[in-house]
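For reference, the structure discussed in these notes is given below.
Each reported figure results from applying straightforward, stated rules to the coordinates on display, with no laboratory input. Just so we're clear, the structure is a prediction, and the values are computed from it rather than from any experiment. All Cβ positions, glycine included, derive from the backbone under ideal geometry; neighbour counts span all protein chains shown.
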Amino acid sequence: MRLDFSQLAPRDAYQWMISTILPRPIAWVSTISAEGKTNLAPFSFFQGVCANPPTLMFVPVNNRQGQKKDTVRNIEAVPEFVVNLVPHALAEQMNACSALLPYGESEFEKFGVVSAPSERVRPPRVAAAPVAFECRLLQVVNIGDGPLAAHVIFGSILVAHVRDDVLGPNGKPDVAKLDLIGRLGGEAYTTTRDTFSIERPD
């Protein structure tokens, strides 16, 4: 099979991408509006970018009407956010937060997600997340226009909160204890429980 992406409708291109670029880590992003209303939404176009300076990125895409997600609107008003990582135990609550709520209605409150105050940014973090990165907006790169066009959000990592119970004897995060989930195609997910090791060459 050969796919000419220049001939695919955006929705079809999106479906092929999310069904083949696998697995994808999930950024459960908390933001806050200028009026102080919190928002919490998951994004699976997400990755670390570099360590000098510590930077990550995630990508909200426009909805089917071509409108910006609430996350983007909030970051434009208050250029700070928290990227919370998602363990298997929080998968259902994370998924619930993908529901379309009216702007200003809090997913924390609607879906019973317990929050904790952040140290350096205004949006709260997910209290039970094994890892939460407090970030300041570095840059937004807009790609395309209309439905499914993207806003690539780059953030400078200011503080990370790592739960003590996910650390191994060496003081580093233990993959099994983190028990993070990743996005696959359709409604499928995977976990970090099934792993293997390959020694890297010098």
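Here the Karplus curve 6.51 cos²θ - 1.76 cosθ + 1.60, taken at θ = phi - 60°, turns the phi angles of segment 108-116 into couplings of 3, 6, 4, 10, x, 8, 6, 9, 9 Hz, with x standing for Gly and Pro. Look at the dipole of the chain built from charges on Cβ: of P25, P87, T191, the Cα furthest out on the positive end belongs to P25. Over the chain, dividing the summed -39,500 (n - 2.57) contributions of all DSSP H runs of at least 4 residues by the number of residues returns a 222 nm mean residue ellipticity of -4000 deg cm²/dmol. Under a 5 Å amide H cut-off, with hydrogens placed 1.01 Å from N, G182 pairs with T190, T191 among residues at least 5 apart or on other chains. Determine the shape class of segment 61-101: with a ≥ b ≥ c the square roots of the Cα gyration tensor eigenvalues, call it rounded for a/c under 1.5, and otherwise prolate if a/b is greater than b/c, oblate otherwise. Judged from the Cα gyration tensor, segment 61-101 comes out oblate (a/c at least 1.5, b/c at or above a/b). Taking label positions 7 Å along the Cα-Cβ direction at both R193 and N95, the computed distance is 1.5 nm, reported to one decimal.
Of the GluC sites (Glu not before Pro) found in segment 97-198, those that fall in a DSSP loop while having at most 11 other beta-carbon atoms within 10 Å are E119, E187. Of the options A9, S44, V126, report the single residue whose Cα projects farthest towards the positive end of the charge dipole of the chain (beta-carbon charges: Lys, Arg +1; Asp, Glu -1). Value computed over the given set: A9. Here the extension length gained between D145 and Y14 equals 45.7 nm, from 0.36 nm per residue of separation less the Cα-Cα distance.
For a quick check of your reading of the filter: which trypsin sites (Lys or Arg not before Pro) in segment 1-71 sit in a DSSP loop and have no more than 11 other Cβ atoms within 10 Å? Could the numbers behind the result be given before it?
Values: sites: R2, R11, K37, R64, K68, K69; in loops: R2, K37, R64, K68, K69.
In loop regions of segment 1-71 (DSSP not H, G, I, E or B), the sparsely surrounded trypsin sites (Lys or Arg not before Pro) are R2, R64.
Length available on full extension from A127 to D165: 0.36 nm per residue minus the Cα-Cα distance, which gives 12.3 nm. By the Kirkwood approach, averaging reciprocal distances over each pair of separate Cα atoms, segment 64-141 gets a hydrodynamic radius of 13.6 Å.
As a ratio to 2.2 N^0.38 Å, the alpha-carbon radius of gyration for the chain is 1.04. At a temperature of 37 °C and a viscosity of 0.692 mPa s, determine how fast segment 29-105 diffuses translationally according to Stokes-Einstein, using the Kirkwood radius over alpha-carbon pairs as Rh; express D in µm²/s, rounded to the nearest whole number. D, rounded to a whole number, is 244 µm²/s.
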